[in-house]
Amino acid sequence: MSDRIRSCMIFVVLVVLSIGFVSSGTAAENNYSKAEKEMLEQWVADHLSTELTPFFSFQYDNQASDAFLKDWQLLFDKAKAGNNISKYILTFKDPKTGLVIHCSADVYADFPAVEWVLEFENTGTSNTPVLENIQAADLQLFNDRNEFVLHHALGSNHGENDFAPLKNELKPHSELVLAPKGGRSSDETALPFFNLQAGDRGVMAAVGWTGQWQSVFSRKDEKGVEFSAGMEKTHLVLYPGECIRTPRILLLFWQGDDRMRGHNLFRQFVLAHHTPQLEGKPYTGPLACNGGAFMFEEFTLATEHNMIALAERYQQFGLQAEYWWIDAGWYGSMDFQKGTWHQNVGNWYIRKEHFPNGLKPVADAVEEMGLKFILWFEPERVYKGTWVDTEHPEWVIKRNPDDSNGIFNLGIREARQWMTDLISTLIEENGVDLYRQDFNIRPLDYWRSLDAPDRQGMTEIRHIEGLYAFWDELLERHPGLVIDNCASGGRRLDLEMISRSVALWRSDYNYTEPTGRQNHTYGLSFYFPQHGTGSTVQDMYVARSTYSASMVTGWNLYENNFPQDKARFIYDEYKKIRPNFEGDFFPLTEYSTRHDRWMAYQFHQKEDGTGMVLVFRRPRCNDIEHSISLQGLEDDSDYELCYENNGAICTKSGRELKNGIEIRILDNPGSQLITYKRMNK
């Protein structure tokens, strides 16, 4: 390595250390330990000081990057970033072809975390040689001899086991390859969040890419674990002036006796830095209600009259939600393709038969009731024969001429700008407060059908870049707007998406079946707090099974003998306990999809010592008692527990609660909600 490059790299480290660590102050001390701080510092020093060993890789003109990158020009530029973030940029330039790599990285002062994204730019006057196998991360996470366990999760596949927690012991000379299915980032096979545990320490890793990513964890020998992550397939040339970005990579280091230390540190990091902010606070919630009483082919029977009337009925019954939700079916025409909701996707005009005055009268009416307005869209999918399909076929990707569905190509700048203007106008004119975007199609085959042999991956890259630009512009145009991310449920959950949006409908699994809903809360809560689901019946066991950071009730308030008192109780109880979902998460039983088991989990606010425990005796479970041990408590502090089923109160020490308490549930199925607060410090 040249003296110039080494000096530049050492300068990078000094800047990062001085900005990122020295200025960390109390916030950093509260969020992570000295040992975790040292792990982050060591990672920075190892990768940015003595040797130029980049934490990414690629092949260029049939050569591996580690063979030539040390000979490229290296420049450094630093930028001041707020919110306890130090930003620095490494720029590598190939003097022969003009290819430039910009590596923009953030080092956090309030958490032991670092994240980065790469851009590849052709500054030359001719096409580059082929770039392929671009890995935004390619590095060794540990270099010692240890037992390594990878904790990860399934994605969503409309199943009872959506987001099921998984673990793999990584043995020497083994490899584990993880990727989603079909081009949506958390579709079916994998969720792009991981916890690599090495005894009493570990690292959380996350991938931010709303397309077809791939991560590989491997052990080439007896020592350490190699980690790589990037798009599943890249093989492309860049034209003069072209620039592409890679997936975003995040690492967060932890140390402790329990791997939940890593998960909970990550949850709090996500709340602080990767959750949409509203009025200066992380946005969590809401409690929403909708016109489920009129659901037939989704909301195709919704009208101005019945939406306002049902919202008023919620008010009359004393059910005060925060949002009124209209889902798929308000657009297009009842005459087009038999009026079904999915066959009108691409007809983005309001259904005049049902909303002759537009949707603004509904938004205005519910606003007077103290409700904000949620409206569903699916702009990335286009059904054949719709307005978008016939007027702008050049913007629609189809695998063949007979395809019923197409993908609206957000990678075309003109198309993206047109869609941005269209959706922005609908938001403005109809008083939309929360923009709900769905995506009910696997896009990967569509993207790849457009790629030439020397441009494989380009359509996907441009579409994902366009999606982020589309959302970012909507958020800029409409201050205070919240975006809901849905894709046949929770099939596009990744670091980039959770930074811009919330997930109010995490799975399309059976709307009322409670075991799956418990499992979904259990599995997703390892990684981030903000997710929600629906509650469609007024039963306490089912309702508590759906409790999460947000909830929507699609109740039929016109049914005979609607249980108003129980419905109000559910609303009141949910509002009372909802803040706890932002706390630390602890699973208190093993994960299981079996209906003859108990399930229990805890959410704990360590700052003030409050929290809650949800316990479920499932329908085929014969045992009426089960022992649980609460976590995260202070041994020498006393805690007042309230058993919410009957209001019984008792006081126990943190040590007693950690040693275990017996829960007795006679109902089958049945539930128990326990809330608690610390009595002394």
Go through region 643-678 and give me each residue that's under 34 Å from the mean Cα position of the chain (by Cα) and of a type in the set (D, E, K, R).
644, 658, 677, 678
Could you list all residues from region 54-97 that are more than 21 Å from residue 233 (Cα to Cα), touching a strand residue (DSSP E or B) at 6+ places or on another chain (Cβ under 7 Å) and of a type in the set (A, V, I, L, M, F, W, C)?
69, 72, 74, 75, 76, 79, 81, 85, 89, 90, 92
Please enumerate the residues belonging to region 120-178 that are at positive phi, assigned to a loop (DSSP other than H, G, I, E, B) and surrounded by fewer than 19 Cβ atoms within 10 Å (Cβ to Cβ).
158, 173
Return the pair list, or none, for Cβ contacts closer than 9 Å from residues in region 182-207 that are over 20 Å from residue 147 (Cα atoms) to residues that are of a type in the set (D, E, K, R) and assigned to a strand (DSSP E or B), at least 6 apart or on different chains.
206/115; 206/248; 207/248
The number of residues in region 624-645 that are in contact with a Gly (Cβ under 9 Å, 6 or more places away or on another chain), of a type in the set (Ser, Thr, Tyr), open to solvent by 10 Å² or more (accessible area, probe 1.4 Å) and part of a strand (DSSP E or B) is 1
Report the residue count in region 507-540 for those that are open to solvent by less than 10 Å² (accessible area, probe 1.4 Å), more than 23 Å from residue 566 (Cα to Cα) and in contact with an Asp or Glu (Cβ under 8 Å, 6 or more places away or on another chain).
5
Is one or more of the residues making up region 338-348 open to solvent by less than 60 Å² (accessible area, probe 1.4 Å) and under 25 Å from residue 572 (Cα atoms)?
no
Residue within region 540-558 that is free of Cβ contacts under 8 Å to residues at least 60 places away in the same chain, touching a Ser or Thr at 6+ places or on another chain (Cβ under 7 Å) and among the small types (Gly, Ala, Ser) present
yes
Could you list all residues from region 646-672 that are within 22 Å of residue 621 (Cβ to Cβ), hydrophobic (A, V, I, L, M, F, W, C) and either in contact with a helix residue (DSSP H, G or I) (Cβ under 6 Å, 6 or more places away or on another chain) or open to solvent by 100 Å² or more (accessible area, probe 1.4 Å) (or both)?
666
Do we find that residue 239 is surrounded by fewer than 21 Cβ atoms within 10 Å (Cβ to Cβ) and either at pLDDT 95 or above or out of contact with any Cys (no Cβ under 7 Å at 6 or more places or on another chain) (or both) in this structure?
yes
Under 30 Å from residue 595 (Cβ atoms), of a type outside the set (A, V, I, L, M) and within 11 Å of the chain's Cα centre (by Cα) - does that describe any residue in region 507-524?
no
What's the number of the condition residue 335 fails, among (1) farther than 23 Å from residue 425 by Cα; (2) open to solvent by less than 10 Å² (accessible area, probe 1.4 Å); (3) of a type in the set (D, E, K, R)?
(2)
Has region 248-269 got any residue that is among the polar types (S, T, N, Q), open to solvent by less than 40 Å² (accessible area, probe 1.4 Å) and under 30 Å from residue 98 (Cβ atoms)?
no
Let me spell it out: the conditions are (1) open to solvent by less than 10 Å² (accessible area, probe 1.4 Å); (2) of a type in the set (Val, Ile, Thr); (3) touching a His at 6+ places or on another chain (Cβ under 7 Å), and residue 303 meets all of them except one. Which number is the exception?
(1)
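From the list 546, 536, which residue is among the β-branched types (Val, Ile, Thr), closer than 30 Å to residue 496 by Cα and within 27 Å of the chain's Cα centre (by Cα)?
After ruling out the rest, the residue left standing is 546.
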Scanning region 603-613 residue by residue, the ones that are outside any loop (DSSP other than H, G, I, E, B) and out of contact with any helix residue (DSSP H, G or I) (no Cβ under 6 Å at 6 or more places or on another chain) total 4
When (1) over 22 Å from residue 406 (Cα atoms); (2) not in a helix (DSSP H, G or I) are applied to residue 309, the one that fails is (2)
In region 462-514, residues that are touching a Ser or Thr at 6+ places or on another chain (Cβ under 8 Å), more than 17 Å from residue 193 (Cβ to Cβ) and among the polar types (S, T, N, Q) total 2
Condition set in contact with a His (Cβ under 6 Å, 6 or more places away or on another chain) and of a type outside the set (Lys, Arg), scope region 131-175, selection nearest to residue 104 (Cα to Cα): answer is 132
Checking residue 318 against (1) in contact with a Gly (Cβ under 7 Å, 6 or more places away or on another chain); (2) in contact (Cβ under 8 Å) with a residue 60 or more places away in the chain; (3) assigned to a loop (DSSP other than H, G, I, E, B), which single condition isn't satisfied?
(1)
Wholly within region 56-95, strands (runs of 3 or more DSSP E) carrying at least 1 residues that are farther than 23 Å from residue 130 by Cβ and either open to solvent by less than 10 Å² (accessible area, probe 1.4 Å) or out of contact with any Pro (no Cβ under 6 Å at 6 or more places or on another chain) (or both):
73-81, 85-93
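The values are calculated or read from the model by the stated rules, or taken from the named source; none is laboratory data. The shown structure was predicted, so the numbers you read here are calculated from the model rather than taken from an experiment. In this analysis, Cβ positions are derived from the backbone assuming ideal geometry, glycine residues included, and neighbour counts consider all displayed protein chains. Ligands, DNA and RNA are excluded from the accessible area calculation, which covers all protein heavy atoms including side chains. Shrake-Rupley method; radii C 1.70, N 1.55, O 1.52, S 1.80 Å.
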